[in-house]
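All remarks here apply to the structure that follows.
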Amino acid sequence: MKRAEVWTPAREHRRTTGSRSGHPLRIAHFLASLGAASFAIAATDPNAQSEYSRPRDAADSQIAVDDADAQVTAARARAAEDPWALAEALTSLGDALLLKRDYSGAEAAYGEALQIATQREGANSTRTLEPLRGLGYALAGSQRHDEAVPYMERALTMARAQRGVFDPEQMELLHRLSDSLTALGRQGEAERHMLYTLRLAEGTYGEGDPRVASAVCALGDWFTAVFRPISARYAYQVALDIVAHGVGADDLAAVEPLRGYARIDMQVVSYPEFALRTRGKKGKYAVDTHGHTLTGERKLTPEGESALKRALAILEAHGRDAPRQTLIDTLVQLGDWYQIKRLPREALPYYQRAWTLMTADRSQGTPGEFSFPVRVFYPTPTIAAPRPPAATARDAQFVQVEFTVDADGGVSAARIVDHDTSKRFAGQVLGAVRGARYRPKLVDGQPVATAAVRYREVLYVSAPAPAPAESGG
């Protein structure tokens, strides 16, 4: 019996022919394609615990906070005879506050727990691992990445010393550390950590295990975040191959890479940084403020749409077994896709289905995704370059625009209310805002217009952009 072939752009045209996909793409091939240095991962216990995970799936984060706070109060009363009980209770409180995204509260709880452990047994005590890790997460959540990285790096060193360099519990820590390093512009270090998690997952679960696909998707997400769409697409294709050959192309595990593949297209159309790193046709192109030629096409692809529709079909086929939140997120993403294509009538049914699922439990209140217009497409002007590392507030210029988001997600009545840049740059920002598309606000499941929406574009223009470059024939 022939195996089902996974969907990928390169194979879409062969799906109806019955041809085989051959052997699954292997992680080693993937890393080689990226020019990554190879490094061996020793075989680990097949019964090893899955990757480290905080209790982030609690149904009611406030209940978790209240319970942890009660534990801290009780532990304080006997802290003199049992300080470790207080440290553990504070760490649990930090976990609960982190789940609730109360980063300042989590920072305080983890910080006190770390202080107790350090004072009692020293900075290298095994008891400092959890507070160190939590403190790094809390600081990263507050966007204080420069402070977060040292704590997470210490936690990583300690975790490897305690549990070995191949312990799978370090995966989440590596991902979060990579996020903070990326935010600080240290992409080389971040990429090394991300590639290590991929090798670690393969060594832990075995080559071709569907759980490896999740690690590949995480790498794809990282490539997307750093504007490397070609590598991101390849990552999602590898993940799809792993799923197809492990559990079948129609398994729920295929949803994540399918949605990731479509997400790349949705970001490419909005950001010139993506276009800068993709291949396009030769000719005259615009340049950004650093003089980089923008050569890639910025449009949605049929392959991305097919991937997104296939993800929804898989979820629907699994009925109640499909994760409810994943179904909601996929419906919203499909609605956003059609909004980008300027097809609001096609987008609305997906939004309304998602809204219905989100409001089935009225205790949830108004769904946040539809309580205010959400921008899903913005033709970022080339003059809106990323902030240079050495730039200061004095280097910044701005344009502030006010407008109405119509019920169909379009923009009308846009006007500049303030700016301190040139009229030409201000005009480019205004034109981009007029071309934006929004997920409209829904009231009782129906789209409504929202007036007096404001957007502030910050520009870092140190010198006039050079004239558009022309490529040779």
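Using the Cβ of Arg186 as centre and a radius below 12 Å, the other residues enclosed give a net charge of -4, where K and R count +1 and D and E count -1.
Ranked by the mean number of other Cβ atoms within 10 Å of their residues, highest first, the peptides 71-82, 142-153 fall in the order 142-153, 71-82. The ranking of Ser214, Ser422 by Cβ neighbour count inside 10 Å, starting from the fewest, reads Ser422, Ser214. Kirkwood Rh over Cα pairs of region 385-460 into Stokes-Einstein at 37 °C, 0.692 mPa s: D in µm²/s? Translational diffusion coefficient: 242 µm²/s.
Where a number appears in this text, it was derived from the coordinates with a stated rule and is not lab data. Not measured: the values here are computed from a predicted model. Reconstructed Cβ throughout: ideal geometry from the backbone, glycine too, with neighbour counts over all protein chains shown.
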